[in-house]
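Accompanying notes for the structure given below.
The values are calculated or read from the model by the stated rules, or taken from the named source; none is laboratory data. If you're wondering where the values come from, they're calculated on a predicted model, not measured in any experiment. For neighbour counting, all protein chains shown are included, and Cβ atoms are generated from backbone atoms with ideal geometry for every residue, glycine included.
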């Protein structure tokens, strides 16, 4: 029994602000006791003077006198009282607004008192009937931002017309003709839009990544096409020996320049796409944390800056066209035609003299002649008629290549 009595006496001698045995205890008109230094420092931070325990508001700052009896009891008990240590506030946590000296971590914030409380100072809100009606939320800093600056009322409604948080008095004055809904209602709507926005951002990121792959693939194919074109030209031109070495060099240079232009265009587009991906990713990094918040006020305040996605280009019609090499070799060869004709004539004359020793009397077969070819009646001459004529169908006839065979054949010489 004596132990229980001592414990009760010790509990009654603890200051609810510093959680230590009273030092120069003073009493407020609402009947609560505090260390004189603790309550003085507490009121020094406030514009209104209220009791930290019951939140009773005093019209003027009370004049405090030390409670002599309570001071003597505290002095006798101070040597035996040891206050249990509670966790102190970390840098990222919300501190208790009532604690003085070492601040403890707040466990709840009151939207009526606009004060954050640690577990000890929250006790009156869990015990006093009037305080039980106060709205408690998870610890939140800057509670004053939740109050209407004009009417000093809680911002608990959302104006659909102006897209801002308002108090009840605002809906009866400045916003009286506007449509207002509770914060939680608009929170659900905006949260749904946020989810859709996040999905759209992710889709835009994927589309741009896909476009990058398409551009890279185009460049890859362009390189392959260029390699094949160069290889083909080298194979043809090297057969012309030293006379066309200069032509080969010029052709390669032109192909490479076209490929370089294509690669430069692709590089610029990829840089632009990567920049848009970075912007969209930054947007997504802001959207994701917001999608998990349950703080209606913070969500709606921050949502306005996330409504519109970053400015991006419409990439649906953007493409990198591979350079065309059609006719490149032909044009190069045309430039050599005049020179080559002379060399070819020399070659033909030489070849003719060479083959004349193997001369054979042959006759052209009209059943194999392409429809454009015109044969002489004796089958010894043939020329290109340019226009295809109607000829009897024959499985031996050339239709793809402008060729004609002879009736006779030989295998050597």
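Considering each residue of region 51-73, count those that are under 26 Å from residue 112 (Cα atoms) and touching a residue at least 24 places away in the same chain (Cβ under 8 Å), and give that number.
Looking only at that region, the number is 7.
So if I check each of 319, 276, which one is outside any helix (DSSP H, G or I) and in the same structural domain as residue 201 (by TED's automatic domain parsing)?
319
Do you know which residues across region 118-144 are modelled with pLDDT of 85 or more, farther than 12 Å from residue 54 by Cα and not in a loop (DSSP other than H, G, I, E, B)?
Once the filter is applied, which keeps residues that are modelled with pLDDT of 85 or more, farther than 12 Å from residue 54 by Cα and not in a loop (DSSP other than H, G, I, E, B), region 118-144 yields only 136.
Per-residue answers, yes or no, for (1) surrounded by 13 or more Cβ atoms within 10 Å (Cβ to Cβ); (2) at pLDDT below 85; (3) under 18 Å from residue 120 (Cβ atoms):
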{"position": "15", "(1), (2), (3)": "yes, yes, yes"}
{"position": "21", "(1), (2), (3)": "yes, yes, yes"}
{"position": "34", "(1), (2), (3)": "yes, no, yes"}
{"position": "51", "(1), (2), (3)": "yes, no, yes"}
{"position": "57", "(1), (2), (3)": "no, no, no"}
{"position": "77", "(1), (2), (3)": "yes, yes, no"}
{"position": "82", "(1), (2), (3)": "no, yes, yes"}
{"position": "94", "(1), (2), (3)": "yes, no, yes"}
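Let's see how each residue does on (1) surrounded by 11 or more Cβ atoms within 10 Å (Cβ to Cβ); (2) at pLDDT 90 or above; (3) within 30 Å of residue 230 (Cβ to Cβ):
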| site | (1), (2), (3) |
| --- | --- |
| 343 | yes, no, yes |
| 346 | no, no, yes |
| 354 | no, no, no |
| 372 | yes, yes, no |
| 390 | no, no, no |
| 398 | yes, yes, no |
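All but one of (1) within 27 Å of the chain's Cα centre (by Cα); (2) within 15 Å of residue 298 (Cα to Cα); (3) buried (at least 20 other Cβ atoms within 10 Å of the Cβ) hold for residue 197, so report the exception by its number.
(2)
Just checking, which of 194, 136, 155 is closer than 28 Å to residue 287 by Cβ and touching a strand residue (DSSP E or B) at 6+ places or on another chain (Cβ under 7 Å)? Lay out the reasoning, then the answer.
Details: 194 fails: touching a strand residue (DSSP E or B) at 6+ places or on another chain (Cβ under 7 Å); 136 fails: closer than 28 Å to residue 287 by Cβ.
Going through 194, 136, 155 in turn, the sole match is 155.
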